[in-house]
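These notes concern the structure reproduced below.
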Amino acid sequence: MEINKKSNLGKTFKESEIRETAKRKSDTPVFLICLLLATLFWILIKLSADYSVTYPLKIKYEHVPEGKLLVASEDSVVNVSFKSDGYNLLDLLITGKLKYIPVNLGDIKMERIKSNSYAIFTQGLKEPLASRLNVNESEIIFSTPDLELNMEDLASRKVSIIPKLNLQFKSQYGLYAVNVIPDKITIWGSQNQIDSIAELQTNQINLNDLDANQEMTVALQNPLPGSLRIDPDRVKVKLIVEKYTEFSLKVPIDVSGISPIIRTFPATTTLYFNMFLKDYKELKTNQFKVVPDIKNIDLRSVKTLNLRIITHPKITRDVRMDPYSVEFIIVN
Amino acid sequence: MFKVGLTGNIGSGKTLVCQIFETLGIPVFYADRVARNLYSEPEVRGQVIETFGAGVYSSEGQLIPQNLARIVFNDKTALQEINRIIHPGVMRKYLQWLEENADYDYILHEAAILFESNLQHEFDYIIMVTAPEKVRLQRVMERDALPESSVMARMKNQWPEKEKVQKSDFVIINDGIKFLIPQVLEIHNQLIEKKSE
């Protein structure tokens, strides 16, 4: 009897617990909807409120006067305080209008401080900024009354173009000539900047297994990006690839001017060199000069003299000689 | 005055050795050069054309050495024939030259085919210039821009170096390794010494 009573009590308790859990589950969505609505209303109330804010804004100078070059600006960031409602602030943040202030140098009044230093009064920036930020002009406060910047007269000069080449050729082929079109271009910058630039390089040209002429348009490297203007900024590069071959030429060994007078055996040496076939007609023996190397040598204590190639035409390359040392007699 | 013959096979460097002797003040008779000049003399030209045909001379009457070489270096009889034509003229010039240089202690007569022409008895001493065959082959190929086969054909017409060395009084090794001038000076001094004995 006692056992039956306990069993009934337990059953009743369990049923009650299930009913409670079901009721709690049905309350959760209602709670969440209420929380969401409360948050929404809180946000709407907050956005409709007015705020006094201060933002550091970068200064972006635009429309630099003709013939002038902006070299540096002492103040590149300025703190701007203003009042705005939350809706407008949200819009400004989303559209990125709080990242920088555009300063139209063609339209704003500037005051010359020194030869190349100028000042812009921030007062003059209030109106366009108020319009940009959609705020009341009278409530804009700048952290500084003026902005300083340096502008120099724009100078220009023509400079040569040097193509930067990394070329690999097929056997017996080589670079005969490089034509850059145009071979000179105009650069604009401050006098100091353009005086420091003797030539401009192209981006590197990498080519392998070359056995024929190549032509390509390649960009120029700007050593002072942002302040140096290059026009045009691309050039055409023509690579003339030619076949070369080995030639040999017997050349007299020049002993003139050597004291005491000597005579070498043999009196000539054979030079072997590579050159382009089309240049062969231009080759002459007197374009080469081979002399015995007598520097720091006591002629009476050596039996042979090494030979040295003093000059050879530019059209020849990889020049070697045989023999490269000769016996000699001192002629009394 | 000693008459010294200087010989050596093709590419051995006879001319270079002669140039060293010349620097020492010794007169050198270059038989091959004299022989080349003889080809333009009317009498010799007539004999050569009669024997080998007009093709060895150009229309201007100049010898075409390649054409003559092609014939004589591939035919021993032709080689003997050309030597028969040229040799007397060379000897005549040599004897004349010898008279002009009679005051020297010794003179040199450079000839590539000295032994082959049986001239060794004309000299008091013989100097032989030698070099390994490979070295000589390379030198001639480079000097005359000739293919290996052509150079080998010329080499075959000359006596082997070994035989010539045995018949010579002095040997100069011009292999590109051994110094040349000390060897020449040694022979020069010996000859001067012999002359003063």
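The values are calculated or read from the model by the stated rules, or taken from the named source; none is laboratory data. Not measured: the values here are computed from a predicted model. Cβ atoms come from the backbone with ideal geometry, glycine included; neighbour counts cover every protein chain shown.
Can you find a residue that is in a helix (DSSP H, G or I) and either of a type in the set (S, T, N, Q) or under 30 Å from B:Asp169 (Cβ atoms) (or both) anywhere in region B:24-32?
Looking through region B:24-32, at least one residue is in a helix (DSSP H, G or I) and either of a type in the set (S, T, N, Q) or under 30 Å from B:Asp169 (Cβ atoms) (or both).
For region A:60-117, give me every one of the strands (runs of 3 or more DSSP E) that falls completely inside it and has 1 or more residues that are under 22 Å from A:Glu137 (Cα atoms) and either modelled with pLDDT under 90 or out of contact with any Asp or Glu (no Cβ under 9 Å at 6 or more places or on another chain) (or both).
Here the list reads A:77-85, A:100-104, A:110-112.
If I filter region B:163-181 for residues that are part of a helix (DSSP H, G or I), within 12 Å of chain A (Cβ to nearest Cβ) and either modelled with pLDDT under 95 or surrounded by 13 or more Cβ atoms within 10 Å (Cβ to Cβ) (or both), do I get at least one hit?
Yes; the residues of region B:163-181 include at least one that is part of a helix (DSSP H, G or I), within 12 Å of chain A (Cβ to nearest Cβ) and either modelled with pLDDT under 95 or surrounded by 13 or more Cβ atoms within 10 Å (Cβ to Cβ) (or both).
If you take the residues in region B:8-25 that are within 13 Å of chain A (Cβ to nearest Cβ) and in contact with a helix residue (DSSP H, G or I) (Cβ under 7 Å, 6 or more places away or on another chain), which one is surrounded by the fewest Cβ atoms within 10 Å (Cβ to Cβ)?
Looking at residues that are within 13 Å of chain A (Cβ to nearest Cβ) and in contact with a helix residue (DSSP H, G or I) (Cβ under 7 Å, 6 or more places away or on another chain), I get B:Leu24.
Considering only residues that are part of a strand (DSSP E or B) and either at pLDDT below 85 or not polar (S, T, N, Q) (or both), which ones fall in region A:267-282?
Matches in region A:267-282: A:Leu271, A:Tyr272, A:Phe273, A:Met275, A:Phe276.
Could you list all residues from region A:300-332 that are away from every other protein chain (no Cβ under 13 Å) and part of a loop (DSSP other than H, G, I, E, B)?
A:Arg300, A:Ser301, A:His312, A:Pro313, A:Lys314, A:Ile315
Where the second residue is among the aromatic types (Phe, Trp, Tyr) and surrounded by 12 or more Cβ atoms within 10 Å (Cβ to Cβ) and the first is without any contact (Cβ under 8 Å) to a residue 60 or more places away in the chain and farther than 13 Å from A:Lys314 by Cβ and lies in region A:281-297, which pairs have Cβ atoms under 9 Å and are six or more apart or on separate chains?
A:Pro292/A:Phe328
Yes or no, residue by residue, for (1) surrounded by 12 or more Cβ atoms within 10 Å (Cβ to Cβ); (2) in the same structural domain as A:Pro65 (by TED's automatic domain parsing); (3) closer than 30 Å to A:Phe273 by Cα; (4) at pLDDT below 95:
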residue: A:Tyr173; (1), (2), (3), (4): yes, no, yes, yes
residue: A:Lys184; (1), (2), (3), (4): yes, no, no, yes
residue: A:Gln191; (1), (2), (3), (4): yes, no, no, yes
residue: A:Ala198; (1), (2), (3), (4): no, no, no, yes
residue: A:Ala212; (1), (2), (3), (4): no, no, yes, yes
residue: A:Thr217; (1), (2), (3), (4): no, no, no, no
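Considering region A:288-299 alone, what residues qualify as being buried (at least 17 other Cβ atoms within 10 Å of the Cβ) and either of a type outside the set (Val, Ile, Thr) or outside any loop (DSSP other than H, G, I, E, B) (or both)?
A:Phe288, A:Val290, A:Val291, A:Pro292
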